[in-house]
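The values are calculated or read from the model by the stated rules, or taken from the named source; none is laboratory data. Owing to the predicted nature of the structure, the values given are computational and were not obtained by experimental measurement. Cβ placement follows ideal geometry from the backbone for every residue including glycine, while neighbour counts extend to all protein chains displayed. Protein only, heavy atoms only, side chains kept; ligands, DNA and RNA dropped before computing areas. Shrake-Rupley method; radii C 1.70, N 1.55, O 1.52, S 1.80 Å.
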Amino acid sequence: SNEASMKYSGIPARELRNKTVLEIQPELIASTLFEMAITALATGKPFHMEYYHSELNKWLELSVVKMDDDHLINLFRDITPIKE
């Protein structure tokens with residue numbers, strides 16, 4: 001986990017390292033993002049998306065790549081200046 005991940009997800013580093021995403025945010029199981037993550041694990045195909053984070057008042061780009069059979073790496077980038 002890194003500082004940007006903690007900043008944009010709001011999830012403390014110790015939780016990011018020691019818990020699964022569904023243990024941290026169980027509501028994600030019904031989301032399109034979760035389906036995309038499952039597909040990325042199964043196929044190895046990375047994905048990215050852009051979204052507006054209303055609490056931070058920022059546009060973010062999320063890139064997700066497969067690390068191994070059970071893990072994904074999430075990379076966040078602030079794209080607010082590009083969107084503006």
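Quick notes on this one:
- Phi angles across the stretch 65-79 convert, under the Karplus curve 6.51 cos²θ - 1.76 cosθ + 1.60 with θ = phi - 60°, into 3J(HN,Hα) values of 10, 6, 9, 8, 4, 10, 9, 10, 10, 10, 10, 10, 9, 6, 10 Hz, Gly and Pro given as x.
- Potential extension, residue 47-residue 24 segment - 0.36 nm per residue separation minus Cα distance: 6.1 nm
- Placing dummy labels 7 Å off each Cα toward the beta-carbon, the span from residue 84 to residue 68 is 4.1 nm.
- Residue 79 long-range amide H proximity, modeled H, under 5 Å: 59, 60, 61
- For the chain, the longest principal axis of the alpha carbon atoms and the long axis of helix 32-43 meet at an angle near 50°.
- Counting only protein heavy atoms and a probe of 1.4 Å, the accessible surface of the chain is 53% carbon and sulfur.
- Residue-normalised accessible area of the chain, given per residue in Å² at a 1.4 Å probe: 72 Å²
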